[in-house]
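Nothing in this text is a laboratory measurement; each read-out follows from the coordinates by a stated rule. Just so you know, these numbers come straight off a predicted model, no measurement behind them. Here the Cβ positions follow ideal geometry from the backbone for every residue, glycine too, while neighbour counts run over all protein chains shown.
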Amino acid sequence: MENLFWLLAIIIAAWFFFIRGSSKTKALKGHEALNEAEPWLSKNGISLSSVVFHYYEEKGLARNPGAGVLVGFGSKQEGGEVGFALEITKGHGVIDSAIIVPYAFARYHRTASMKAKAVGFPLMDILLEMATKHRESNP
């Protein structure tokens, strides 16, 4: 019985460290992608300190094979908010981009990513479609 206790304790500890380590790795990749996106953000007048984002690396979510998708929103330097979706490859920076209008649709990235996976379309296309349908139904 005591051996079972120690075995379970070791398994739980290993699981905890594995989960914790993988989430740190994902966060690090997201921040590396944000660093790659910094020139694009500056060029488009988006304040880097205001950016809220999520980074996706799952296959099939990008238009370009091997790219990750950074979806976020931030404050324009001249005022207002802007949403965006960027496809990024390490060492090449932003290779495809889209401005999401209204910007609030960038907040629906989780819903859009699930839909993109289900229908097999790129995440950027799904976000643009959602925003376009909203604009058409709310002129």
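Structure summary
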{"quantity": "Stretch gain in nm, segment ALA118-GLU78, where the contour uses 0.36 nm per residue and the Cα spacing is subtracted", "calculated": "10.6 nm"}
{"quantity": "Dipole axis of segment 86-139 (+1 Lys, Arg; -1 Asp, Glu on Cβ), positive-most option in GLY91, SER137, HIS109", "calculated": "HIS109"}
{"quantity": "Label point distance in nm, LEU48-ASP125, each placed 7 Å from Cα along Cα→Cβ", "calculated": "3.3"}
{"quantity": "Rounded if a/c under 1.5, otherwise prolate or oblate - segment 24-139, Cα gyration tensor axes", "calculated": "oblate"}
{"quantity": "Lys/Arg +1, Asp/Glu -1 at C-beta; segment 33-121 dipole; positive extreme among VAL119, PRO39, SER49", "calculated": "VAL119"}
{"quantity": "Set of segment 121-139 residues, backbone N closer than 20 Å to the point 7 Å along the Cα-Cβ line of ARG107", "calculated": "124, 126-139"}
{"quantity": "Point-charge dipole on Cβ atoms (K/R +1, D/E -1) for segment 85-139, about Cα centre, debye to 20", "calculated": "240"}
{"quantity": "Given charges at beta-carbon only (K, R positive; D, E negative), |dipole| of segment 37-102 in Debye", "calculated": "100"}
{"quantity": "Packing rank of 43-50, 70-77, 112-119, where each peptide gets the mean count of other beta carbons within 10 Å, highest leading", "calculated": "70-77, 112-119, 43-50"}
